Amino acid sequence: KDNYKGLRKAQLGAVHAIASYFTKENSNQALVVLPTGTGKTAVIMISPYLLESRKVLIITPSILVRNQIAEDFRNLITLKDINVLPEICMNPNVFELTDTKIENHIDTIKHSDVIVATPHGAYNLSISTEIKGEFDLILVDEAHHEPAKKWREALENFTNTKRILFTATPFRLDNK
């Protein structure tokens, strides 16, 4: 058991819950609560494969987290290290939206599989009629921030897009 490679029990439970949840009709938003340290990033990374998504937007709370998730997705090392994906698996084309002026990046965004952005960048994507309809999955990391204005507006603008909100803390001190 010390050299076991694969998903942990909490991750397996989350993966199965996500897969079954989106088989229900009219199910377009799910909340996944995973305790700190159980491997939320791996579940975030598996979700597009599980739901057979073609274009994914990941919303992160900070530049640091945005950088980490973009890098993890670029090489899929987290999933390859635990043998969830084979070493020869083709890596997705990942674009890290580092500024909020999306008009400078339209072609890159259109040709990317995964776009990782902070809430302001995600909001600007959500109001772009040229881009917003291309996303079929939105993944929100640290979803307890979702009640904040820009987070909420960004998600509301992606009306028909599947969304999965991930958090370790589903309740905020302000009760939102």
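If I filter the stretch 65-77 for residues that are of a type in the set (Lys, Arg), open to solvent by 40 Å² or more (accessible area, probe 1.4 Å) and within 17 Å of the chain's Cα centre (by Cα), do I get at least one hit?
So in the stretch 65-77, the residues of a type in the set (Lys, Arg) come out as 66, 74.
When the remaining residues are screened for being open to solvent by 40 Å² or more (accessible area, probe 1.4 Å), the result is 74.
Narrowing further to those that are within 17 Å of the chain's Cα centre (by Cα): 74.
Checked the stretch 65-77: at least one residue is of a type in the set (Lys, Arg), open to solvent by 40 Å² or more (accessible area, probe 1.4 Å) and within 17 Å of the chain's Cα centre (by Cα).
Looking only at the stretch 102-117, count every residue that is in contact with a strand residue (DSSP E or B) (Cβ under 8 Å, 6 or more places away or on another chain), within 19 Å of Pro48 (Cα to Cα) and either open to solvent by 10 Å² or more (accessible area, probe 1.4 Å) or hydroxyl-bearing (Ser, Thr, Tyr) (or both) and tell me the total. Working first, answer last.
As a first pass, look at the stretch 102-117 and keep what is in contact with a strand residue (DSSP E or B) (Cβ under 8 Å, 6 or more places away or on another chain): 105, 108-109, 112-117.
Still in the running and within 19 Å of Pro48 (Cα to Cα): 109, 112-117.
Among the residues that remain, those that are also either open to solvent by 10 Å² or more (accessible area, probe 1.4 Å) or hydroxyl-bearing (Ser, Thr, Tyr) (or both) are: 112-113.
Matching residues across the stretch 102-117 total 2.
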Could you tell me whether any residue of the stretch 77-87 is out of contact with any Asp or Glu (no Cβ under 7 Å at 6 or more places or on another chain) and farther than 26 Å from Lys9 by Cβ?
-> no
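Any residue at all in the stretch 62-72 that is in a loop (DSSP other than H, G, I, E, B), in contact (Cβ under 8 Å) with a residue 24 or more places away in the chain and touching a Lys or Arg at 6+ places or on another chain (Cβ under 8 Å)? Step through it out loud before you land on a result.
Within the stretch 62-72, the first condition is being in a loop (DSSP other than H, G, I, E, B), and the residues that meet it are 62.
Restricting the remaining residues to those that are in contact (Cβ under 8 Å) with a residue 24 or more places away in the chain gives 62.
Next cut, touching a Lys or Arg at 6+ places or on another chain (Cβ under 8 Å) only: none.
No; the residues of the stretch 62-72 include none that is in a loop (DSSP other than H, G, I, E, B), in contact (Cβ under 8 Å) with a residue 24 or more places away in the chain and touching a Lys or Arg at 6+ places or on another chain (Cβ under 8 Å).
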Taking the stated definitions as given, is Lys24 farther than 26 Å from Thr159 by Cβ, open to solvent by 80 Å² or more (accessible area, probe 1.4 Å) and assigned to a loop (DSSP other than H, G, I, E, B)?
-> no
Among what's in the stretch 78-101 and is under 18 Å from Ser62 (Cα atoms) and not basic (Lys, Arg), pick the residue that is surrounded by the fewest Cβ atoms within 10 Å (Cβ to Cβ).
-> Asp99
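Step by step: first the residues of the stretch 27-40, then only those that are farther than 20 Å from Leu155 by Cβ and among the hydroxyl-bearing types (Ser, Thr, Tyr), then the one that is most open to solvent (accessible area, probe 1.4 Å). Which residue is that?
Step one: list which residues in the stretch 27-40 are farther than 20 Å from Leu155 by Cβ, which gives 35-39.
Narrowing the set further to residues that are among the hydroxyl-bearing types (Ser, Thr, Tyr) leaves 36, 38.
Values: Thr36: 126, Thr38: 26 Å².
The qualifying residue most open to solvent (accessible area, probe 1.4 Å) is Thr36.
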Can you name the condition, by its number, that Ser126 falls short on among (1) at pLDDT 90 or above; (2) open to solvent by 70 Å² or more (accessible area, probe 1.4 Å)?
-> (2)
Ile46 fails exactly one of (1) in a helix (DSSP H, G or I); (2) of a type in the set (A, V, I, L, M, F, W, C); (3) within 16 Å of the chain's Cα centre (by Cα); (4) within 22 Å of Asn157 (Cα to Cα), namely (4)
Please give the number of the condition Thr169 fails out of (1) at pLDDT below 90; (2) over 30 Å from Arg8 (Cβ atoms); (3) open to solvent by 50 Å² or more (accessible area, probe 1.4 Å).
-> (2)
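The values are calculated or read from the model by the stated rules, or taken from the named source; none is laboratory data. In this text the structure is predicted, and so the values were computed from the model without any measurement. Heads up, the Cβs are rebuilt from the backbone with ideal geometry, glycines too, and the neighbour counts pull from every protein chain shown. Accessible surface is based on the protein model in full, side chains and every heavy atom, while ligands, DNA and RNA are left aside. Shrake-Rupley method; radii C 1.70, N 1.55, O 1.52, S 1.80 Å.
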